[in-house]
Structures are given as C-alpha cells and as structure tokens.
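Q: The structure under discussion is supplied below as structure tokens; questions concerning it will follow.
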C-alpha cells in the first residue's frame, strides 16, 4: 500500500515539473547551443565566411589566410598558441603572369624547420594559374614517389608524396595554392585530410579585391 502511494506521488511530481517547464516564458528557457559550421570547399554550397575588402588579390598577412574557427595549432594537433607563422612576400613574375605571391611558414615552438608551409600566388587569369601549377608539379617530379589527383570542388589538385614531406598543389580560378606538410607532423593516414582541410580554409580568402569607389563628381 505504502509503495503504491510513493509511486503515485513520484508520478505527480514529474508531471508537475514537466507542466511547469512547458509554461515558462520563452525568455527563461535556456537557448540551444549553436552548431559550429565550417567553410564550404570551392564549388560546393554552404556557409561562407565574409572576407574583408582589401586592395590586394592575396591576404597581406598570413594571420589572415585561414578562415573558420580552427587555427594552425589545432590543424596540426598542437596546443593552442604553440605554432607561430611567418609571412614572406615574393616579387611578381610578369613573364608567367604572376601578379602577387606570398609564403607562410608555420613553425612549432622550439623547432627550427617549418612543420607546414603555404605558398599562394595570384595571376593575370585562370590559364596562367593552371599552367604554373603544372610547371610546379613537373619541378617536383624528381623527388616525388607518388602523385594522385584530389577532389576539391571546382579546384584542380594533386597530392605529391616525397621522402621528407607531402605537397598538395592546387589551382583555382586565377590562383595557385601549394600546401606542404613535413613527414611525422601528423600520422600518415591524416596527411591528406589535414592538407585538404588546410586548403579549404584558404580558398575563401582568395577573392578579387573590392572595386575602388569612383571619385565623387561635382554637380
């Protein structure tokens, strides 16, 4: 008899709590946690992070190259803030259509050699970018053990495996991206996913600069 009374009381408490929760005003109900989103690869639909207007075709600082909530330390599985980056601007090469180029070296704390490198270049047009990527691939042929094409949206990409590093060479629109990862930085089965993820975070920043506003005329 007593057990039945206890169970009945328990059911009444649960029902009362549920009804009270449902009757709370919307302002008192805790909001749902936002679901993280990532930048969509080139040629695919999805959320795209806005890029601040600039006067150059390429980002002027490697700190602005990666989009999304993940930084270089997280991509390499390292503690937050343990990977530094160095920006080096290259000179144009009009003979092959290169207008701008920049290199980013990502170095782990206490180590001399770069764990990861990025080479970005902007060209006069898409054919010039595609031709340069082919020249870059050919230049690496003597050190390459294997080369396989990689699906990357509208971009054209090939992954090269070398004795000391792996390279993902990409051309997209009027740009080329070369991402390099030293051997041993991440497990072998993670090299391709890390390099692909890295380039996916770079491509959204390779947008044409905003057109300059015309000077206001006098009336």
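Q: Any residue that is assigned to a strand (DSSP E or B), touching a helix residue (DSSP H, G or I) at 6+ places or on another chain (Cβ under 8 Å) and modelled with pLDDT of 85 or more - is there at least one of those in the stretch 67-83?
A: Yes, the conditions are met somewhere in the stretch 67-83.
Q: What residue, of 109, 115, is modelled with pLDDT of 90 or more and more than 16 Å from the chain's Cα centre (by Cα)?
A: 115
Q: Taking residue 167 as the residue in question, decide whether it is touching a residue at least 60 places away in the same chain (Cβ under 8 Å) and either more than 17 Å from the chain's Cα centre (by Cα) or outside any loop (DSSP other than H, G, I, E, B) (or both).
A: Taking the combined requirement at face value, the residue does not satisfy it.
Q: With within 29 Å of residue 127 (Cβ to Cβ), modelled with pLDDT under 80, out of contact with any helix residue (DSSP H, G or I) (no Cβ under 8 Å at 6 or more places or on another chain) and surrounded by 10 or more Cβ atoms within 10 Å (Cβ to Cβ) as the only criterion, which of 43, 10, 90 stands out?
A: Among 43, 10, 90, only 43 is within 29 Å of residue 127 (Cβ to Cβ), modelled with pLDDT under 80, out of contact with any helix residue (DSSP H, G or I) (no Cβ under 8 Å at 6 or more places or on another chain) and surrounded by 10 or more Cβ atoms within 10 Å (Cβ to Cβ).
Q: Go through the stretch 136-162 and give me each residue that's assigned to a helix (DSSP H, G or I) and either surrounded by 13 or more Cβ atoms within 10 Å (Cβ to Cβ) or touching a residue at least 12 places away in the same chain (Cβ under 8 Å) (or both).
A: If the condition is that a residue be assigned to a helix (DSSP H, G or I) and either surrounded by 13 or more Cβ atoms within 10 Å (Cβ to Cβ) or touching a residue at least 12 places away in the same chain (Cβ under 8 Å) (or both), then 136, 137, 143 are the ones that fit.
Q: Taking the stated definitions as given, is residue 102 surrounded by fewer than 18 Cβ atoms within 10 Å (Cβ to Cβ), modelled with pLDDT of 95 or more and closer than 22 Å to residue 204 by Cα?
A: no
Q: Scanning for something touching a helix residue (DSSP H, G or I) at 6+ places or on another chain (Cβ under 6 Å) and either surrounded by 12 or more Cβ atoms within 10 Å (Cβ to Cβ) or assigned to a loop (DSSP other than H, G, I, E, B) (or both), does the stretch 113-127 turn up at least one residue?
A: yes
The values are calculated or read from the model by the stated rules, or taken from the named source; none is laboratory data. Treat the numbers as computed from the prediction; the structure is a model and nothing was measured. Note that each Cβ is placed from the backbone with ideal geometry, even for glycine, and that neighbours are counted across all protein chains shown.
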